[in-house]
Amino acid sequence: MRVAFIVGHFPRLSETFILNQITGLIDRGHEVDIYAEYEGETAKLHPDVEKYQLLQRTYYLTPIPTHGLVRVLKGVLLLFQGYTPRRWLRSLNVFQYGLLAASLRLFYSIAPSMTQPYDIVHCQFGTQGFRGLWFRAVNAPQAKLITMFRGHDISQFVKERGETVYHELFQQGDFFLANCEFFRQKAIQLGCDPDRILVHFSGLDVHKFTFKPRYLQPAEPIRLATTGRLVEKKGIEYVIRAIAQRIEQYPNLEYTIIGDGPLRHSLEHLIQALNLSTVVKLVGWKNEQEIIEILDQTHLFIAPSITADTGDQDAPINVLKEAMAMGLPVVSTYHGGIPELVEDGVSGLLVPERDVNALAETLGYLVEHPDRWAAMGQAGRRYVETHFDLQSLNDRLVSIYQQVLQSTSNQ
């Protein structure tokens, strides 16, 4: 099969779930091209981007100017950049596509370089589904369009644009995926046909994450860690405040926050204001191997996700799966799709969103009961192996593609 991935940014260190699907398809002998709206982070690349030479498979779609006149003038310039006449004529066919052609959205979605047709156009995130519709119409009308919902696209974006925002996509798309049942149900509530959407988890290569039971050695500091973008929905502020409540009672706590983002300065200010500069460390972005090395020396992993004021929500986040695969007991929240991953009292402990007191109490319980750590870690590892194994999920993705192609060919 030939597959076109439609993404927002590429490459991006924080989106290994997309990278894992791309490399999984390539490993299975399929051709994959990546079409991104924006260039991602190239200063620090995931090793697989170089191993699979993915930048050579990546093409950047021309941004669509919001101002009409600028859109027309820039479009004229694009005609001199080698666009295939057959495709740009199709993109301007107002008799077939009406206002969509007149708006030049189809024209701006012509693939910069395309020599063979695609079987599947796979939009990563619902917000890319619109570009996917336009991309398919002008480049690969015979392809099947699959859109995957992952988080902000089915939460924050819907709150911003209204509950009818995906009606056209639900009508014209061939199939849909959601990375947890929580988001699948939200898509159905918004109008998606229940028979055309499945849950497809984001997997990880479990074998990269060596399991180690967690024990506390005498006089050893208790090391906590969180990985994620420094944005509101990650809820990191509440862990910092919970540690401030407990640090006098447990002065041997150490908390490492891996990641970066717009809230870095406000979190630094909070750490200083609570006199936690020697306890809480912001260490910035790390690559996968660096994260593994930090987590290998960690005792407890915390993922305090919350529903942001914008409405943004999380699925069962990959960093939780990685920590569980390594044998870390986890503390998280009753939020989004996370309860589909963490079984409260078995592989970790769940608390209500934004509840500093509950977080502090839970941390205190785990600090005082290190005898429970190993069993929780073992339960987490088993669950990740059973439900989130990357190889099994990539095999299933290929099967889904084949079923979509087969079912539509029989209609």
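The values are calculated or read from the model by the stated rules, or taken from the named source; none is laboratory data. These numbers were taken from a predicted model, which means no experiment stands behind them. Cβ sites come from the backbone with ideal geometry, for glycine too, and all protein chains shown count toward neighbours.
Computed quantities for the displayed model
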read-out: Residue selected from the stretch 248-278 under the condition of a type in the set (A, V, I, L, M, F, W, C) and touching a strand residue (DSSP E or B) at 6+ places or on another chain (Cβ under 6 Å), by the criterion nearest to Leu19 (Cα to Cα); value: Ile258
read-out: Some residue of the stretch 282-302 being outside any helix (DSSP H, G or I), of a type in the set (A, V, I, L, M), out of contact with any strand residue (DSSP E or B) (no Cβ under 8 Å at 6 or more places or on another chain) and closer than 30 Å to Thr42 by Cβ; value: no
read-out: Residue tally, condition surrounded by 15 or more Cβ atoms within 10 Å (Cβ to Cβ) and either of a type in the set (Ser, Thr, Tyr) or touching a residue at least 40 places away in the same chain (Cβ under 8 Å) (or both), over the stretch 352-373; value: 14
read-out: Qualifying residue in the stretch 55-76 (condition: in contact (Cβ under 8 Å) with a residue 12 or more places away in the chain, over 18 Å from Cys123 (Cβ atoms) and assigned by TED's automatic domain parsing to the domain that holds Ile120); value: yes
read-out: Among (1) over 27 Å from Ala137 (Cα atoms); (2) hydroxyl-bearing (Ser, Thr, Tyr); (3) modelled with pLDDT of 95 or more - the single one Ser202 does not satisfy; value: (3)
read-out: Qualifying residue in the stretch 267-282 (condition: within 26 Å of Gly336 (Cβ to Cβ) and either of a type in the set (Phe, Trp, Tyr) or surrounded by fewer than 16 Cβ atoms within 10 Å (Cβ to Cβ) (or both)); value: no
read-out: From Val404, Val384, Val356, Val367, residue being more than 20 Å from Phe17 (Cα to Cα), under 25 Å from the mean Cα position of the chain (by Cα) and among the hydrophobic types (A, V, I, L, M, F, W, C); value: Val404
read-out: Residue within the stretch 176-197 that is surrounded by fewer than 24 Cβ atoms within 10 Å (Cβ to Cβ), touching a Lys or Arg at 6+ places or on another chain (Cβ under 7 Å) and not polar (S, T, N, Q) present; value: yes
read-out: Count of the stretch 239-265 residues which are of a type in the set (Ser, Thr, Tyr) and surrounded by fewer than 22 Cβ atoms within 10 Å (Cβ to Cβ); value: 2
read-out: Which listed residue, of Glu15, Glu41, is of a type in the set (Asp, Glu), buried (at least 19 other Cβ atoms within 10 Å of the Cβ), under 30 Å from Gly203 (Cα atoms) and out of contact with any Asp or Glu (no Cβ under 6 Å at 6 or more places or on another chain); value: Glu15
read-out: Filtered residue count, the stretch 290-337, keeping only those that are without any contact (Cβ under 8 Å) to a residue 24 or more places away in the chain, surrounded by fewer than 24 Cβ atoms within 10 Å (Cβ to Cβ) and in contact with a helix residue (DSSP H, G or I) (Cβ under 8 Å, 6 or more places away or on another chain); value: 0
read-out: Which numbered condition Val199 misses (of (1) in the same structural domain as His265 (by TED's automatic domain parsing); (2) among the aliphatic types (A, V, I, L, M); (3) within 21 Å of the chain's Cα centre (by Cα)); value: (1)
read-out: Odd one out for Ser277 among (1) free of Cβ contacts under 8 Å to residues at least 40 places away in the same chain; (2) not in a loop (DSSP other than H, G, I, E, B); value: (2)
read-out: Selection within the stretch 206-221 - within 27 Å of Glu385 (Cα to Cα) and surrounded by fewer than 19 Cβ atoms within 10 Å (Cβ to Cβ); value: His207, Lys208, Thr210, Phe211, Lys212, Pro213, Tyr215, Leu216
read-out: Options Tyr238, Tyr255: the member that is over 20 Å from Leu204 (Cα atoms), of a type in the set (Phe, Trp, Tyr) and in contact with a Pro (Cβ under 9 Å, 6 or more places away or on another chain); value: Tyr238
read-out: Selection status of Thr307, modelled with pLDDT of 95 or more, assigned by TED's automatic domain parsing to the domain that holds Thr227 and closer than 23 Å to His207 by Cβ; value: no
read-out: Selection count, the stretch 71-119, where residues are among the β-branched types (Val, Ile, Thr) and either touching a helix residue (DSSP H, G or I) at 6+ places or on another chain (Cβ under 8 Å) or loosely packed, with under 11 Cβ neighbours inside 10 Å (or both); value: 4
